[in-house]
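What follows is a short report on a single structure.
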Amino acid sequence: KRSDELVKRWWSARAAILDRVRSGACHGAPSAAGGDMDVAGLEQDTADDASEGESASESGEGEVVTFAPAPWCILLSILRRVRNILPKERAVAAEEIEELEVVNDALHWSLLSKEANLSPVKRQVALLSLRVLPVLSRRWFTDSRQVHHGVAALVRQRVGDYIGPEIIREELAEVDAASESDLFDRSLARADAELAGEGTEASASAMPDYDCGTIAVTTNLKSRSVTALYEKEDCAVEIQIKVPPAFPLEKVEVQCTKQVGIKKERWRRMVLQITTMLSMQDGTLLDAITFWKFNMDKDFQGMEPCPICYAVVHATDQSLPKLRCGTCKNSFHAKCLVKWFRTSHKNDCPLCKQPF
């Protein structure tokens, strides 16, 4: 609890840390939050290397990029903890960082270096950036203005050699730990209680009649894959997530390897849910599997998915589709509908095209 409060205090000071990142100032950046938390994750013998960020660093594209790695690593380590403590801050943080384009600077400084082998501190900067903010990192990689065709292969190779294997190892270990501790069922019960307005772990644990399916999850580090089998009554669905070497710059491949008692349209929607979570949002493999199981259980309870995101439970705020069109009677998530109105510049129903 003391550590969580410390994280919240650091998170409230994120604007000052971002200023240090942007200005290239390393000196004076907090180092270890009073010793209670490993915020930077940097080895002691590479701490001195972080001072590189004070001086200009020439990238592989001939541009000069000034970057302060120490405060950036601190900020990302805090954000990684905030995801669990203050999950609703997740989107806010991504928006703030995207607006300042700090991820572009961090990846440019670390992955487009002229060094033949990336230094430990540059590997750490790239690792945390890709691990904590995969969507913004992927956006940087696919933007030809940031990474032109001539260096894209170099970036892919460096991530595949130095960064991807470590991220994949960490993510598969998280999935294994969750499976061994029955975290999938407990997370689902807690979330269901919050949707019902209870909002406490104690109330979630007091749900003896909670009706949900079972899930068995296995991982394979050698093949970089996760297999999840969901079973309920006479129905069974098995999916396999294959992770590419340059993950998360490259997207995962999701396959439905077994379906019994499930219509083709239904399992296609399930595959899309996982793909969306891992490609369009800063979700981990653990997040994707938990989210998938949550939606499977809600689906079996007879709840119709949102026609925009194809999920029953919204991935970011865990809300249900409650906004109903008066004409076609389909229900949508509030966030999905607001985004639809904003991007289409119309207030029409996405399906029947009548005024909502």
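The values are calculated or read from the model by the stated rules, or taken from the named source; none is laboratory data. The structure presented is a predicted model; accordingly, all values stated were derived computationally and were not measured. Positions of Cβ are backbone-derived with ideal geometry, glycine not excepted, and every protein chain shown enters the neighbour counts. Only protein heavy atoms, including side chains, enter the accessible area calculation; ligands, DNA and RNA are left aside. Shrake-Rupley method; radii C 1.70, N 1.55, O 1.52, S 1.80 Å.
Stokes-Einstein at 4 °C, 1.567 mPa s, Kirkwood radius from Cα pairs: D for the range 248-356 in µm² s⁻¹? Show your work: numbers first, answer last.
On the way: Rh = 14.8 Å.
Estimated via Stokes-Einstein, D reaches 87 µm²/s.
Taking max minus min of the alpha-carbon positions on each principal axis, the range 223-276 gives extents of 38, 20, 12 Å, largest first. Rounded to the nearest 10 square angstrom, residue 242 shows an accessible area of 80 square angstrom against a 1.4 Å probe.
For residue 348, the amide hydrogen comes within under 5 Å of the amide hydrogens of 356, counting only partners 5 or more places away or on other chains and with H modelled in the peptide plane. Between the range 316-356 and the range 116-155, the C-alpha centres lie 36 angstrom from each other. Would you mind working out the magnitude of the charge dipole of the range 230-356 relative to its Cα centre, with +1 at each Lys and Arg C-beta and -1 at each Asp and Glu C-beta, to the nearest 20 Debye? I would put it at about 560 debye. When the listed pairs 232/263; 263/298; 264/298; 232/329; 263/353 are checked against a 20 Å cut-off, the alpha-carbon distance exceeds it for 232/329; 263/353.
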